[in-house]
Amino acid sequence: MASLLEAIGIGLIGPFLNLASYPESVHNNAFLAPIYKQTGLQTARDFIVIAGLFISIVFCVKSLTYFFVKRYIYEFASNLKAQLCSRLMHTYLSVPYVFFLSKNTATIIKNIVMETDKVCYDYVLPLLEGCANTVVTIVLILLLAKTDLIFLAVTSAVILPVIIIFYQFRKSFRRWGEQASQARKEMVSIINHSLGSIKETRIIGCERYFESKMYEQGRKYAKSESLFKSSQIIPRVAIESILVLFLILLVCVNLVLFNKGLQDILPILSVFVITSLRLVPSASQSIAAISYVQNTAYSLDIIYKDLRDTELYQDGKAMKEISSVKNFETREDNNKIIPFVNQVNLKNISYSYPNAEYSALSNISLTLKKGESIALIGKSGAGKTTLVDLILGLLQPTSGDICVDGTSIYQDISSWQNLVAYIPQSIFLIDDTIEKNIAFGVPEHLIDQKRLKNAIEAAQITEFINQLPDGINTVVGERGVRLSGGQRQRVGIARALYNEREILILDEATSALDNETEALVTEAIRALSGSKTMIIIAHRLTTVEHCDRLYMLKEGHIVKSGTYKEVVLEEAYSQA
Ligand SMILES: Nc1ncnc2c1ncn2[C@@H]1O[C@H](COP(=O)(O)OP(=O)(O)OP(=O)(O)O)[C@@H](O)[C@H]1O
C-alpha cells in the first residue's frame with residue numbers, strides 16, 4: 001500500500017511538470033479535459049494550483065503511510081525477536097538434560113541473543129522491505145514504460161544483469177554468514193572461559209592468550225562482515241552509475257543529433273530523473289534483500305534445527321525406552337507431588353551415555369526408606385554422579401525403573417522432581433541478595449518469610465547472616481564471590497530446605513571445604529537426618545558416618561552395601 005502510494009506520488013510529478021510547462025494541455029488532453037470541465041475552474045492556472053495541492057496531499061498521505069508501515073515492520077521484527085528469544089529459552093529449559101551433554105553454553109547464549117537478532121533484523125526485515133521495494137520498482141518500471149519504451153529497455157538492461165551477477169555470489173554470502181556465526185560463538189566461548197574462571201586466568205597469567213584469541217575471532221568476524229556489508233553497495237553503485245551515464249548520453253544525443261534543447265525534453269527528463277532517484281534505492285534494496293536472505297540462512301538453520309530437535313525430544317523419538325519426556329510442562333504448571341509414604345526403589349538401573357562404549361551404570365538396585373540417609377561412595381569415575389542424575393530424573397535409564405511406593409517416577413517425572421531437592425558440589429549463586437538466593441526463582445512478593453526463616457535456621461546460617469550489615473539483604477556477588485565456600489554451601493542447603501522437599505540429594509557437598517568449615521556443613525546436614533530422607537555422595541567418609549546405609553560403587557556396579565562399620569571399617573581392616 002505504502003509502496004503503491006509512493007510510486008503513484010512519484011508518477012504524478014512528471015505529468016504535473018508537463019502540465020505546468022504546457023498549461024493549454026488542460027483543454028486538449030483526453031484525460032485532463034473532462035476533469036477540468038468537471039471542476040468548473042475558470043483558468044488553467046487555477047487548475048494547475050489545485051492539481052499541485054492534490055499532489056502535495058497525496059505526498060503527505062504517502063509519507064504518513066510510509067512512516068506507519070515502517071513502524072509496523074520494525075515492531076513486527078522486534079516482537080518476533082522477543083518471541084523467538086522466549087521460545088528458544090523455553091526450549092532449552094524444557095529439553096531433557098542429555099541434550100546439554102553435547103551442547104556448549106556459548107552456543108546456547110549465541111543462539112538466543114545473537115542468532116535471533118540476525119534472523120529478525122537481517123532476514124525478516126530485509127525480506128519485508130525487499131518485498132515493498134520490489135512493488136515500488138515494478139510500478140516505477142511500468143511508469144517508465146508508459147513514458148518511453150527506450151527508458152524501460154535501458155532500465156531493464158541495467159537492473160537485470162546486476163540481479164543475475166549478484167545472485168551468482170549467493171554461496172559466498174552464505175559462507176560469510178556461517179563464518180561470522182562461528183566467530184560469534186567462539187567470542188562468547190572465550191568470554192565464558194576467561195571471565196568465568198577469572199581467578200585461574202589471573203593466577204596462571206593467561207590474559208594475553210585470551211586477548212589474542214578474542215582478537216583472532218574478532219578479525220575473522222570483521223573480515224566476513226566487511227566483505228558482506230561492502231558487497232551490499234555494489235547494486236546501488238552499479239545501477240546509479242549506469243543510469244547517470246545514460247542520462248548524460250540522452251541529453252548529448254538530443255542536443256547534437258536532433259538539435260533539441262533541455263526545454264524540449266524536460267518533461268520526459270524530469271520523470272526519468274525523479275523515477276531513477278527512487279528506482280535506484282528500491283531496486284538496489286530489493287537486490288540486497290536476496291543477499292541478506294542468503295547471509296542469514298545459516299542463523300535461520302541453527303534456530304530451526306534446535307527447535308526441531310526439541311520437537312523430536314517432545315515426540316519422544318530421541319528417548320526410545322521411556323516416554324515420560326513428553327511431559328514438558330514447567331514446574332509452575334505442575335505442582336503435583338508423587339505420594340511418598342514408605343520407600344523409593346531403584347530396580348536394575350543401567351545407563352550408557354550417548355555414543356559411549358561402556359555402560360556408566362549396570363544393574364543398580366537399592367532401596368531408600370522414608371526418613372533414611374544413604375551414602376554413595378566410591379572412587380572417581382565409579383558412577384556416583386551418574387546415579388544421582390538418574391535419581392534426579394535428569395537422565396533416563398537405558399533400562400530399569402525407579403519406583404516410589406510401587407509407582408514408576410516416569411509416569412510423571414515433574415511430580416517426582418517436586419519431591420526432591422538437590423545440593424550440588426558447587427552451588428550456583430546469583431548476583432543478588434541472600435534472601436533471593438535462598439528463595440531461588442520465587443518472585444519477591446511470593447517469598448514466604450516463615451519458610452525462609454526455618455530454612456536459614458536448619459542450614460545453621462542465622463548467626464552468620466546476623467553479622468552482615470545488610471543481613472538477609474546482603475548482595476552476594478556473581479556466583480557468590482563475597483561469601484566463603486562454607487557459607488555458599490550452607491546457603492545452598494538453605495535453598496534446598498526452603499522448598500520443603502522430602503528428599504535431599506547432596507552431591508559431594510563438603511569436598512571443597514577445610515576441616516573446620518566441613519564440620520559446620522556436616523553438622524547442618526547431620527541435624528537434618530531423620531527429618532528428611534537423604535542421599536549423599538561423599539569422598540570424605542567421615543561426613544557419611546551417620547548414614548543408615550552406604551553403597552560402594554565401582555565401575556558402575558554396587559560392589560558393597562551396609563552400615564558404615566560394614567562397608568568402611570571392615571574394608572579398611574581387610575586391606576590392612
Ligand atoms: N557426559 C558424559 N559422556 C560420556 N561419559 C561420561 C559422561 N559423564 C560421565 N561419563 C563417564 O561415566 C562414568 C561415571 O562417571 P561419574 O561422573 O558418574 O563418576 P563419579 O563416581 O561421580 O566420579 P567423581 O567422583 O569423580 O565425580 C565415568 O567413566 C565417566 O567417564
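The values are calculated or read from the model by the stated rules, or taken from the named source; none is laboratory data. Just so it is clear, the structure is predicted and the values come from calculations on it, not from any experiment. Positions of Cβ are backbone-derived with ideal geometry, glycine not excepted, and every protein chain shown enters the neighbour counts. With ligands, DNA and RNA removed, areas are computed over all heavy atoms of the protein, side chains included. Shrake-Rupley method; radii C 1.70, N 1.55, O 1.52, S 1.80 Å.
Brief remarks follow.
- With R₀ fixed at 30 Å, the C-beta to C-beta distance from Glu200 to Asn342 puts the FRET efficiency at about 0.05.
- Note on Asp264 and Glu523: the extension gain reaches 83.1 nm, defined as 0.36 nm multiplied by sequence separation minus the Cα-Cα distance.
- Here the Karplus curve 6.51 cos²θ - 1.76 cosθ + 1.60, taken at θ = phi - 60°, turns the phi angles of the stretch 536-548 into couplings of 10, 9, 8, 8, 7, 5, 4, 6, 10, 4, 7, 5, 6 Hz, with x standing for Gly and Pro.
- Between amide H atoms placed 1.01 Å from N, distances below 5 Å from Ser373 occur with Met534, Asp548, Arg549, all of them 5 or more places distant or on a separate chain.
- Projected label points at Asn355 and Glu75, each 7 Å from Cα along the beta carbon direction, are separated by 4.6 nanometres.
- Remark: spin-label model distance Arg208-Ile191 equals 2.5 nm, labels positioned 7 Å along the Cα→Cβ axis.
- Within-10-Å neighbourhood charge of Ala459 [Cβ basis; K, R +1; D, E -1]: +1
- The slack in the chain from Val273 to Asp431, taken as 0.36 nm per residue of separation less the alpha-carbon distance, amounts to 50.8 nm.
- Area of His193 that stays accessible when all protein chains are in place (1.4 Å probe, Å², to 10): 100
- Between amide H atoms placed 1.01 Å from N, distances below 5 Å from Leu429 occur with Arg479, Gly480, all of them 5 or more places distant or on a separate chain.
- A Förster radius of 56 Å combined with the Cβ-Cβ distance from Lys223 to Val442 puts the calculated FRET efficiency at roughly 0.75.
- When peptides 104-113, 386-395, 58-67, 486-495 are sorted by average Cβ neighbour count within 10 Å, with the highest value leading, the order is 486-495, 386-395, 104-113, 58-67.
- Accessible surface of the chain, 1.4 Å probe, proportion on carbon and sulfur as whole %: 60
- Cα-Cα pairs of the stretch 95-316 separated by more than 27 Å (percent): 52
- FRET E, pair Val251, Gln42, Förster distance 45 Å, beta-carbon r, rounded to 0.05: 0.75
- Couplings 3J(HN,Hα) for the stretch 474-484, derived from phi with the Karplus relation 6.51 cos²θ - 1.76 cosθ + 1.60 (θ = phi - 60°), are 6, 7, 8, x, 4, 6, x, 4, 8, 10, 7 Hz, where x marks Gly and Pro.
- For the stretch 370-387, Karplus couplings with θ = phi - 60° (6.51, -1.76, 1.60), whole Hz, Gly/Pro x: 4, x, 7, 10, 10, 10, 10, 10, x, 5, 4, x, 6, x, 5, 5, 4, 5
- Accessible area of the stretch 119-229 divided out per residue, in Å², using a probe of 1.4 angstrom: 58
- Projecting the alpha carbon convex hull of the chain along each direction and taking the average yields 39.4 nm².
- Taking each DSSP H run with n ≥ 4 as -39500 (n - 2.57) and averaging over every residue of the chain yields -19000 deg cm²/dmol at 222 nm.
- Heavy-atom SASA rank of Lys347, Lys554 (probe 1.4 Å, accessible area, largest first): Lys554, Lys347
- Residues with amide H under 5 Å from that of Tyr422, placed H, sequence gap 5 or more: Ile505
- Ranked by the mean number of other Cβ atoms within 10 Å of their residues, highest first, the peptides 432-439, 301-308, 239-246, 453-460 fall in the order 432-439, 453-460, 239-246, 301-308.
- Rough spin-label spacing in nm, given labels placed 7 Å along Cα→Cβ, for Val113 and Glu478: 1.0
- Rounded accessible area of Lys336 (nearest 10 Å², 1.4 Å probe): 130
- Trypsin sites (Lys or Arg not before Pro) lying in DSSP loop within the stretch 179-270, provided at most 16 other Cβ fall within 10 Å: Lys260
- Over 24 Å between alpha carbons, listed pairs Lys347/Lys532; Lys103/Lys384; Lys384/Lys436; Lys118/Lys171; Lys81/Lys336: Lys384/Lys436; Lys81/Lys336
- Stretch gain in nm, segment Phe68-Asn18, where the contour uses 0.36 nm per residue and the Cα spacing is subtracted: 14.8 nm
- DSSP-loop chymotrypsin sites (Phe, Trp or Tyr not before Pro) across the stretch 374-456, with at most 15 other Cβ within 10 angstrom: Phe428
- Against the criterion of solvent-accessible heavy-atom surface with a 1.4 angstrom probe, Ile57, Ile525 sort, most first, into Ile57, Ile525.
- Rounded to the nearest 10 Å², the accessible area of Val559 at probe 1.4 Å: 80
- In the stretch 148-206, the GluC sites (Glu not before Pro) that fall in loop regions by DSSP, at most 16 other Cβ within 10 Å: none
- Computed over the alpha carbons of the stretch 190-259, Rg followed by Dmax gives 26.8, 84 Å.
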